[in-house]
Amino acid sequence: MAFNDIERKRVENATAAFVETVRPAAHIRPKLDIGYRVENQAVFIFEVRPSFRDPDTKHEGAVAKAVFVRKSNNWKIYWMRQDLKWHSYPPKPIVSSLDAFFEEVSADPNACFWG
């Protein structure tokens, strides 16, 4: 089930605040930026880069995904592997809060998110 309006706004605000902490300097953003999207009960974090062939076209590269499970009131963490499919994040597949997800993505102890 998707977030209600209040939950969605809280998730968007928290994610926007996190993304601001990991975005590169303003002069680098035309070449590399970090974005996010909230869809249904999932949060996606991605890199934004100009396309190699057409610099006016932007390309999104997946970084991390968190899915809220209402029944258990926790978040499942996913990372994208070389097969371009989302896989459960082995060290911590489940966290209790969105902030814990952000901490795991920031720390990235196994270089799964930021490479």
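The values are calculated or read from the model by the stated rules, or taken from the named source; none is laboratory data. For clarity, every value in this text was computed on a predicted model and none was experimentally measured. Cβ: placed from backbone, ideal geometry, glycine included. Neighbour counts: every protein chain shown. Calculation scope for accessible area: heavy atoms of the full protein, side chains included, ligands and nucleic acids excluded. Shrake-Rupley method; radii C 1.70, N 1.55, O 1.52, S 1.80 Å.
Overview of results
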{"item": "Search result, residues across the range 101-111 that are farther than 17 Å from Ala42 by Cβ, of a type outside the set (Gly, Ala, Ser) and in contact (Cβ under 8 Å) with a residue 40 or more places away in the chain", "result": "none"}
{"item": "Residues (surrounded by 14 or more Cβ atoms within 10 Å (Cβ to Cβ), under 15 Å from the mean Cα position of the chain (by Cα) and not polar (S, T, N, Q)) located in the range 33-50", "result": "Asp33, Ile34, Gly35, Tyr36, Val38, Ala42, Val43, Phe44, Ile45, Phe46, Glu47, Val48"}
{"item": "Residue in the range 21-29 that is in contact (Cβ under 8 Å) with a residue 60 or more places away in the chain, closer than 17 Å to Val105 by Cβ, polar (S, T, N, Q) and loosely packed, with under 12 Cβ neighbours inside 10 Å present", "result": "yes"}
{"item": "Phe18, sole failed condition from (1) touching a residue at least 60 places away in the same chain (Cβ under 8 Å); (2) touching an Asp or Glu at 6+ places or on another chain (Cβ under 9 Å); (3) open to solvent by 30 Å² or more (accessible area, probe 1.4 Å)", "result": "(3)"}
{"item": "Residue in the range 95-114 that is assigned to a strand (DSSP E or B), open to solvent by 40 Å² or more (accessible area, probe 1.4 Å) and modelled with pLDDT of 95 or more present", "result": "no"}
